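J.: Below are the structure tokens for one structure; questions will follow.
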Amino acid sequence: MTTAADPLLSIEGLSVTMPTPSGPVELVHRTDIEIGEGEIVGLAGESGSGKTMTASAIMGILPPGARAGGRIMFEGRDLLSLSRAELDTVRGNRIAIVFQDPSAALHPLLTIGTQLTEHLIHHKGVTKKQANARAVELLDLVRIRDPHHAVKAFPHQFSGGMRQRAAIAIALACEPRLLIADEPTTALDVTVQAGILRLFDRLARETGVSMLFITHDLGVMNSIADRTYVFKDGTVVESGVTTTILNEPSHEYTKALIASRAQSLAEERVQQEARP
Amino acid sequence: MPPLLKMIGKRLLSALVLLWGVTVVTFLLVNVVPGDAAAANLSQQAYDDPEIRAAFEAKWGLDQPIWVQYVRYLGNILQGDLGTSQQTHRPVAEDLGQYVPATIEIALPAMALAIVIAVGLGMLAAMRKNRPTDTGIRSAALVGLSTPPFWLALVALYVFFYLLGWVPNGGRLSNIYDPPPAVTGMYTVDAAIAGQWDVFGDALWHLVLPVGILTALTVSGLLRFVRSAMIEVLDAEYIRSAIAKGLPRRIITWRHVFRAGLLPVLTVSGLMLASLLGGAVLVEQVLSWPGLGQYAYKSAISLDLQAILGVTLFIAVVYTLINLLVDVLYSVIDPRIGAK
Ligand SMILES: Nc1ncnc2c1ncn2[C@@H]1O[C@H](COP(=O)(O)OP(=O)(O)OP(=O)(O)O)[C@@H](O)[C@H]1O
Ligand SMILES: [Mg+2]
């Protein structure tokens with residue numbers, strides 16, 4: 001898939017600066033990222049390279065004190081120049097995010113049903129009854145069994161994988177155009193990771209939602225992203241079609257990432273064989 | 001059985017065990033601590049009268065083995081007999097029945113007001129962390145916290161009674177009124193029950209200053225707990241989720257932040273309420289409020305043993321019941337507890 005003529009989201013010269021006791025530090029610099037309509041774009045890079053900062057800049061949820069520069073164009077508007085009220089009509093509604101750790105991201109004292117419907121009611125002006133019906137549909141969509149029962153449940157009654165499925169359903173409630181997933185499988189048990197990845201893949205195909213998929217696992221990238229941006233020290237060092245990047249990496253850093261991935265795979269295999 | 005009821009049953013049982021423990025301790029204090037219980041409890045005159053002394057010793061089983069004495073002591077307590085106060089020459093239970101409602105009448109409204117004010121201001125301070133609003137609120141709380149209660153009571157009395165004449169100078173009721181027929185012992189409630197609205201108004205007027213002072217003192221103590229609990233919640237990832245959902249500030253504040261921040265505040269509030277119900281000696285003294293604090297204070301300085309033990313037992317019951325209440329509220333708010 002290629003970039004559409006008019007991208008859905010276009011990050012232009014993004015920078016993120018954080019104040020520290022020893023002066024401001026620029027964590028993200030001059031970053032350009034484009035996401036086309038219906039495209040799944042990967043953002044890969046090692047821990048601390050600024051992936052979450054980039055996603056937070058899009059959602060307007062940077063840590064207190066952080067400042068974002070550049071432009072983030074979405075549906076003809078620069079998200080960075082919107083007021084809070086204007087941004088609130090976009091986030092949760094046109095763009096939604098799934099965080100890394102669903103145990104921390106879901107409110108422990110609110111039912112799954114409430115967390116599924118509150119933004120739906122707010123953004124779409126539907127009645128509570130319509131929202132509840134939609135909540136059941138959404139849980140069904142993410143393959144949570146017995147959705148009528150699940151809407152009344154609290155997050156602690158779910159397993160980790162189920163929680164992430166619920167978080168994905170919450171993100172999809174308002175039928176956003178863009179879904180950001182920030183390492184959505186890293187905090188999960190290995191046994192359920194593949195299932196969550198398949199879910200993202202299927203949802204992209206079924207709903208046509210565009211995705212910005214963040215991961216440090218290039219193998220994951222290979223199975224899900226059409227195009228990939230490789231991130232290092234707060235900026236993009238390489239980008240292109242995922243298979244091309246993985247097969248013919250041009251940047252030393254990408255090669256190193258691939259090598260470390262090969263090594264960790266080998267280690268995993270050794271560990272698995274060592275087990276009785 | 002519903003999990004909540006089961007939980008209450010369990011807690012009630014452990015509360016009973018705890019209270020039983022308290023009776024053992026109080027019993028040991030009276031009986032095992034060296035000394036003549038009759039001498040400690042009877043006036044000199046009564047002690048010198050062999051008949052009275054014999055009656056006393058028979059009632060408390062002083063001639064019996066210690067465990068019999070304990071069983072008798074427990075039996076007396078269960079029948080509401082807490083002994084007789086040396087000071088008032090009345091049954092301690094009767095004294096408590098008079099002083100405790102006076103304390104409840106100022107403690108409950110003060111606590112309710114304090115929670116509303118402290119939660120409101122604490123949340124505001126947390127959301128405006130390190131900004132002028134926050135600094136202002138915290139400074140005010142610090143002033144309140146470092147003000148000695150009796151001094152605050154004196155100044156309040158001086159300003160609002162002497163200078164402004166807005167409130168009476170203490171007491172529960174003006175001289176022209178007789179207390180309403182006792183039902184609860186709380187004058188406002190009893191006056192309302194009796195339909196004596198002029199007495200009701202007068203009793204309410206007398207509540208303003210003590211309730212106001214206790215509220216101010218409690219707010220100062222509670223506020224920083226609310227603030228730090230709310231700051232912790234505001235930092236939580238699930239609040240970031242709520243913001244990322246584009247929810248209006250009102251929903252984020254009350255549905256997401258308030259609810260989660262309330263849990264730690266609940267425990268502290270429970271302890272503060274229990275402490276208020278134990279009476280506020282200094283404030284009661286300045287405002288001539290005949291509450292439990294004054295009773296306990298007078299019993300302590302005159303070594304009125306039965307009265308002291310009665311107050312101790314009452315306070316133990318208060319702490320136990322409030323703990324139970326906090327536990328129940330906790331499990332109502334937090335589904336993770338009730339489900340276990
Ligand atoms: N609240 C903060 N204050 C200051 N620096 C921060 C803060 N949060 C993150 N950083 C720094 O910003 C840089 C980028 O962090 P970021 O979370 O975007 O990395 P990441 O690529 O998402 O890493 P990971 O794979 O571990 O999630 C890191 O060097 C980190 O130390
Ligand atoms: Mg991250």
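J.: Picking from B:59, B:245, B:129, which is most flexible by a Gaussian network model of chain B using Cα springs under 10 Å?
T.: B:245
J.: From Cα coordinates alone, what are the radius of gyration and Dmax values for the protein assembly as shown in angstrom?
T.: Both quantities, over Cα of the protein assembly as shown: 33.6, 110 Å.
J.: If you place +1 on the Cβ of every Lys and Arg, -1 on the Cβ of every Asp and Glu, and leave all else neutral, what size is the dipole of the protein assembly as shown about its Cα centre, to the nearest 20 Debye?
T.: I would put it at about 1000 debye.
J.: Relative to the compact globular guide of 2.2 N^0.38 Å, what is the alpha carbon radius of gyration of segment A:107-176, as a ratio?
T.: 0.97
J.: Using a 7 Å offset from the Cα along the Cα-to-Cβ direction at both residue B:150 and residue A:251, what is the distance between the two label points in nm, to one decimal?
T.: 7.3 nm
J.: Can I ask one more? Quick check on segment A:18-144: take the gyration tensor over C-alpha atoms, sort the square-rooted eigenvalues as a ≥ b ≥ c, and tell me if it's rounded (a/c under 1.5), prolate or oblate.
T.: prolate
J.: Continuing with the same structure: Quick one: angle between helix B:66-78 and the longest Cα principal axis of chain B, in degrees between 0 and 90, rounded to 10, please.
T.: Roughly 60 degrees, rounded to the nearest 10.
J.: With no solvent and one equal point scatterer per Cα, compute the Debye intensity ratio I(q)/I(0) for chain A at 0.12 Å⁻¹ and report its log10, rounded to two decimals.
T.: -0.77
J.: Solvent-accessible area per residue for chain B at a 1.4 Å probe radius, Å²?
T.: On the way: 17340 Å² over 340 residues.
So chain B comes to 51 Å² accessible per residue, rounded to a whole number.
J.: Would you mind working out the magnitude of the charge dipole of segment A:107-176 relative to its Cα centre, with +1 at each Lys and Arg C-beta and -1 at each Asp and Glu C-beta, to the nearest 20 Debye? Mind dumping the intermediate values first?
T.: On the way: 9 positive and 5 negative charges, 17 e Å.
Computed about the Cα centre, the dipole is about 80 debye.
J.: Answer with one residue from B:19, A:170, B:278: the one whose Cα lies farthest towards the positive end of the charge dipole of the protein assembly as shown, charges on Cβ with Lys, Arg +1 and Asp, Glu -1.
T.: A:170
J.: Roughly speaking, what is the centre-to-centre gap between segment A:102-121 and segment B:169-194 when only Cα atoms are used, to the nearest Å?
T.: Distance between centres, Cα-based: 50 Å.
J.: In segment B:92-338, what is the volume of the convex hull around the alpha carbon atoms, normalised per residue and reported in Å³?
T.: Taking only Cα atoms, segment B:92-338 has a hull volume of 159 Å³ per residue.
J.: Just to be sure I understand: with springs between alpha-carbon atoms less than 10 Å apart, which residue in B:315, B:301, B:77 has the highest mean-square fluctuation in the Gaussian network model of chain B?
T.: In this elastic network of chain B, the residue with the biggest mean-square fluctuation among B:315, B:301, B:77 is B:301.
J.: Can you tell which of A:13, B:324, A:105 lies farthest toward the positive end of the dipole of the protein assembly as shown, using +1 and -1 charges on the Cβ of basic and acidic side chains (Lys, Arg; Asp, Glu)?
T.: After comparing all options, I get A:13.
J.: What translational diffusion coefficient, in µm²/s and rounded to a whole number, does the Stokes-Einstein relation yield for segment A:113-242 at 10 °C and a viscosity of 1.306 mPa s, taking the hydrodynamic radius as the Kirkwood radius over Cα pairs?
T.: Numbers: Rh = 15.8 Å.
Roughly 101 µm²/s, to the nearest whole number.
J.: Run the quick spin-label model on residue A:202 and residue A:233: label points 7 Å from Cα toward the beta carbon, then report their separation in nm to one decimal.
T.: 4.3 nm
J.: Still on this structure: Label residue B:90 and residue B:288 with points 7 Å out from Cα along Cα→Cβ: what is the distance between them in nm?
T.: 1.8 nm
J.: To the nearest 20 Debye, how big is the dipole of segment B:187-340 about its Cα centre, given +1 on the beta carbon of each Lys and Arg and -1 on that of each Asp and Glu?
T.: Numbers: 11 positive and 10 negative charges, 187 e Å.
With only Lys, Arg, Asp and Glu charged at Cβ, the dipole is about 900 debye.
J.: Can you tell me how much longer the chain between residue B:13 and residue B:298 gets when fully stretched, taken as 0.36 nm per residue apart minus their C-alpha distance, in nm with one decimal?
T.: Extra length from residue B:13 to residue B:298 when fully extended: 99.2 nm.
J.: For segment B:198-255, just say rounded, prolate or oblate: build the C-alpha gyration tensor, square-root its eigenvalues into a ≥ b ≥ c, call rounded for a/c under 1.5, and beyond that prolate if a/b exceeds b/c, oblate if not.
T.: oblate
J.: For every helix of n ≥ 4 consecutive DSSP H residues, a contribution of -39,500 (n - 2.57) applies; sum these over chain A, divide by its total residues, and give [θ] at 222 nm rounded to the nearest 500 deg cm²/dmol.
T.: -13000 deg cm²/dmol
J.: Using alpha carbon coordinates only, what is the Rg to Rh ratio of segment B:127-222, with Rh defined as the Kirkwood radius?
T.: 1.13
J.: Here is a follow-up. On C-alpha positions alone, give me the angle between the axis of helix B:132-146 and the longest principal axis of chain B, in degrees, nearest 10.
T.: The answer is roughly 10 degrees.
J.: Can you bin every Cα-Cα distance in segment B:175-278 into 10 Å intervals starting at zero and give me the percent of pairs per bin, rounded to whole numbers?
T.: For segment B:175-278, the pair-distance distribution reads 13, 27, 22, 20, 13, 5, 0.
J.: Express the carbon and sulfur contribution to the solvent-accessible surface of the protein assembly as shown as a percent, rounded to the nearest whole number, probe 1.4 angstrom.
T.: Summing carbon and sulfur atoms, their accessible area is 60 percent of the total for the protein assembly as shown.
J.: Follow-up question, since we're still on this one. Using the alpha-carbon atoms, what tilt in degrees (0 to 90, nearest 10) does helix B:50-59 show relative to the longest principal axis of chain B?
T.: 50 degrees
J.: Something else about it: Work out the FRET efficiency for residue B:208 and residue A:128 from their Cβ-Cβ distance, taking R0 = 56 Å, and round it to the nearest 0.05.
T.: According to the calculation, E is roughly 0.80.
J.: Still on this structure: Please check segment A:70-99 for residues whose accessible area, probe 1.4 Å, is lower by 20 Å² or more when all protein chains are in place than in their chain alone.
T.: SASA drop of 20 Å² or more in segment A:70-99: A:84, A:88, A:91, A:99.
J.: Rounded to the nearest 100 Å², what is the buried accessible area between A and B, both sides summed, probe 1.4 Å?
T.: On the way: alone 13690 and 18470 Å², together 29960 Å².
Summing both sides, the interface buries roughly 2200 Å².
The values are calculated or read from the model by the stated rules, or taken from the named source; none is laboratory data. What you see is a predicted model, and the numbers here were worked out from it, not measured in a lab. FYI the Cβ positions are ideal-geometry reconstructions off the backbone, even for glycines, and counts take in every protein chain you see. Note: accessible area is taken over every heavy atom of the protein model, side chains too, but ligands, DNA and RNA are not part of it. Shrake-Rupley method; radii C 1.70, N 1.55, O 1.52, S 1.80 Å.
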